[in-house]
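A short worksheet on the structure shown next.
The values are calculated or read from the model by the stated rules, or taken from the named source; none is laboratory data. Small disclaimer: the values here were computed from a predicted structure and weren't measured. With ideal geometry, Cβ positions are generated from the backbone for all residues, glycine too; neighbour counts draw on all protein chains shown. Only protein heavy atoms, including side chains, enter the accessible area calculation; ligands, DNA and RNA are left aside. Shrake-Rupley method; radii C 1.70, N 1.55, O 1.52, S 1.80 Å.
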Amino acid sequence: SAVGDIAWFEPGGNHMDEDSWANGYARSMMVFLNGQSIPEPDTRGQQTLDDHFLVIFNGHHDVLPFVLPGEEYGERWVTMLDTFAQEVEAKEFKPNSKVKAHGRSVVVLRCPRPLPSGSPAGAAAARR
């Protein structure tokens, strides 16, 4: 994939650079994990493919809004985990949307990978 296997973002959605790591917001960031760019092959020697994941870390004591990366990183994001929530509501977000993360929490979003052509009927519903 052209976006690489991992990317780090500031809460505002910009890529982290050397200065980003040195400022106070370095406690709050997002990391993109590209499921289409896993370097290790599977047990049969085939390319390993998975969904993309975006992990939001809010090390700040208060709620922070995080701007999701653009469409090149994922067409839609679904909440999988929120360490603040008693129960996770599977909300869906579009690229460049804002997601609020409560203080000192982690939120994990998943971007389901497209199903290969010829997948059995019902496979898409099973992946939601």
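How much accessible area per residue does the chain have, counting only protein heavy atoms and a probe of 1.4 Å, in square angstrom? Present the calculation step by step, with values, prior to reporting the outcome.
Numbers: 8100 Å² over 128 residues.
Result: 63 Å² of accessible area for each residue.
In the chain, once you exclude exposed GluC sites (Glu not before Pro) (DSSP loop, at most 15 other Cβ within 10 angstrom), what's the longest stretch remaining?
With GluC sites (Glu not before Pro) excluded where exposed in loops, the chain gives 1-74 as its longest stretch.
May I ask you to derive the FRET efficiency for Arg113 and Glu87 from their Cβ-Cβ distance with R0 = 25 Å, giving the value to the nearest 0.05?
Details: r = 26 Å, r/R0 = 1.04.
My answer for the efficiency is 0.45.
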Partner aspartates and glutamates whose C-alpha sits under 12 Å from that of Lys91, ignoring same-chain residues fewer than 8 away, are Asp82
Relative contact order in percent for the chain (Cα pairs under 8 Å, 6+ apart) equals 23 percent
Rounded to two decimals, the Rg over Rh value of the chain from Cα coordinates and the Kirkwood Rh reads 1.00
